[in-house]
Amino acid sequence: RRFERYQAVALMLQRVHYAEIGGIIRRSVTTVCKYIQTYRAGGLPALDLQHSPGRPHRLTEEQEQQVASVVTFKTPQDVGFPANMNWTSPLVRDYIKDTFEVTYSDRGTRGLLYRLGFSCTRPTYTLAKADPAKQDAFRAEFELVKQQLIDGHIDRILFEDESMIRDYQAIGRTWFPKGQQKQIPTYGKHWGDKLLGILDYETGEVYCEHEEQYTAVEFLRFLNTVVARYAGEKLVIVLDNARIHHAKLIQPFLEEHRDHLTLMFLPPYSPQLNLIEGVWGWLKRSVIYNVFFRSVKEIIAAVTTFLKHINDNMMETVDRFCVRL
């Protein structure tokens, strides 16, 4: 709009007729006259846009902060809306009306929530039994391990986990023609692919083995594969407290390789600290959601293709997950 006003003045100074100026800038002659009069009265600075403060807020700043606090930390049931556990804009509107005797439209309520920094998002689960103090202690210990990697005292930090990739994993949102619903054919049988995998913290490389079950036998075999894969290197493997990770069967192997293999256990109920969990979620969203596979062979093929793709672009994996810890 400022350019438009400056252009009108520039054309006027070139003795272009007001009607012609209006045609060029697509404004009425009256508007062109106003621009010229404003310029003559105060020069170019007078043409600067004067921003309107807008309509006054209906709630005071304190009331708005109360709304934000209630939506963030309480459920509708907590503040007098029985049988409602999730906030919707109509419920927020009703809460404002009941509490402050101020009436908003549904659209106005959404505008208020956006202005207060809210968005309509999908929640995620967190484990209630998690111990923040133990998680902080793990993070501090991991910083020391990272320094050992930087100083060359160890060669690799690997995050290990198991994951079950099912043929009916989940239905997720996807783009599809409006008014239609994508149909996912099923075949009446349910298959699954059990994975044991590691994520290299420094390089972003992901390596997986396919197994038929999860026992200490498979885990020991996987440890043998990992040690052979990085022969001669000092490894720290970060993993959870699954029973197979503490099995008596693997203790002789750990004792035999104690000079170059260390298991670093995560605090209980802390899957978010195991970075390969992010890879599993990425895998499922990318190639498993909204698909029904007819056999384990098809699942393995899809998983293999995905792993090859991310290992061809390992820095994307580092950027997505490894920089967080």
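Mean residue ellipticity at 222 nm from the helices of the chain, using -39,500 (n - 2.57) per DSSP H segment of n ≥ 4 over the full residue count, to the nearest 500 deg cm²/dmol?
-13500 deg cm²/dmol
Amide H of D161 versus every other amide H placed in the peptide plane: which residues, excluding those fewer than 5 positions away on the same chain, fall under 5 Å?
Sorted by chain and number, the residues that satisfy this are G197.
Kindly sort C33, C120 by accessible area of their heavy atoms, largest first, with the probe set to 1.4 Å.
Sorted by accessible area, descending: C120, C33.
Using a Gaussian network for the chain with springs between C-alpha atoms less than 10 Å apart, which of these wobbles most: L149, L223, L11?
Maximum fluctuation in the GNM of the chain, among the listed residues, is at L11.
Of A137, A247, A41, which is the most mobile in a GNM of the chain whose springs link Cα atoms less than 10 angstrom apart?
Comparing A137, A247, A41 in the GNM, the peak value goes to A41.
Is the chain rounded, prolate or oblate when judged by the Cα gyration tensor, a ≥ b ≥ c being the square roots of its eigenvalues, rounded requiring a/c under 1.5 and prolate requiring a/b larger than b/c?
Because a/c hits 1.5 or more and a/b exceeds b/c, the chain counts as prolate.
Using amide H atoms built 1.01 Å from N in the peptide plane, name the residues 5+ places from I154, or on other chains, whose amide H lies under 5 Å from its own.
Those lying under 5 Å, H to H, from I154 are L149.
Quick one: length gained pulling R139 to V79 fully straight, 0.36 nm per residue minus the C-alpha distance?
On the way: separation 60, 0.36 × 60 = 21.60 nm, distance 3.75 nm.
Additional length available on full extension: 17.9 nm.
Mind jotting down the distance between the C-alpha centroids of region 1-68 and region 297-325, whole Å?
When both Cα centres are located, 53 Å separates them.
Need one number: nm distance between label points at R229 and E61, each 7 Å from Cα along Cα→Cβ, rounded to one decimal.
It is 5.6 nm.
With all protein chains present, how much of the accessible area of the chain (probe radius 1.4 Å) comes from carbon and sulfur, to the nearest whole percent?
Of all accessible area on the chain, carbon and sulfur atoms account for 52 percent.
Would you kindly state the longest site-free stretch of the chain, with sites defined as trypsin sites (Lys or Arg not before Pro) in a DSSP loop (not H, G, I, E, B) surrounded by at most 15 other Cβ atoms within 10 Å? Could you put the intermediate results ahead of the total?
Working: sites that count: R1, R15, R26, R58, K74, K129, R173, K178, K182, K189, R258, R294.
By the stated rule (loop sites, at most 15 other Cβ atoms within 10 Å), 190-257.
Kirkwood Rh over Cα pairs of region 128-170 into Stokes-Einstein at 4 °C, 1.567 mPa s: D in µm²/s? Can you show the working numbers first?
Values: Rh = 13.4 Å.
This corresponds to a translational diffusion coefficient of 97 µm²/s.
Who wins for biggest fluctuation among E212, E277, E61 in a Gaussian network model of the chain, springs between alpha carbons below 10 Å?
Most flexible of the set in this elastic network: E61.
In the chain, if the dipole is taken from +1 on Lys/Arg beta carbons and -1 on Asp/Glu beta carbons about the Cα centre, which of I96, G117, F321 is farthest to the positive end?
I96
The values are calculated or read from the model by the stated rules, or taken from the named source; none is laboratory data. Source: prediction; values computed, not measured. Here Cβ is always computed from backbone atoms with ideal geometry, including for glycine, and neighbour counts include all displayed protein chains. Accessible surface areas use protein heavy atoms only, side chains included; no ligands, DNA or RNA. Shrake-Rupley method; radii C 1.70, N 1.55, O 1.52, S 1.80 Å.
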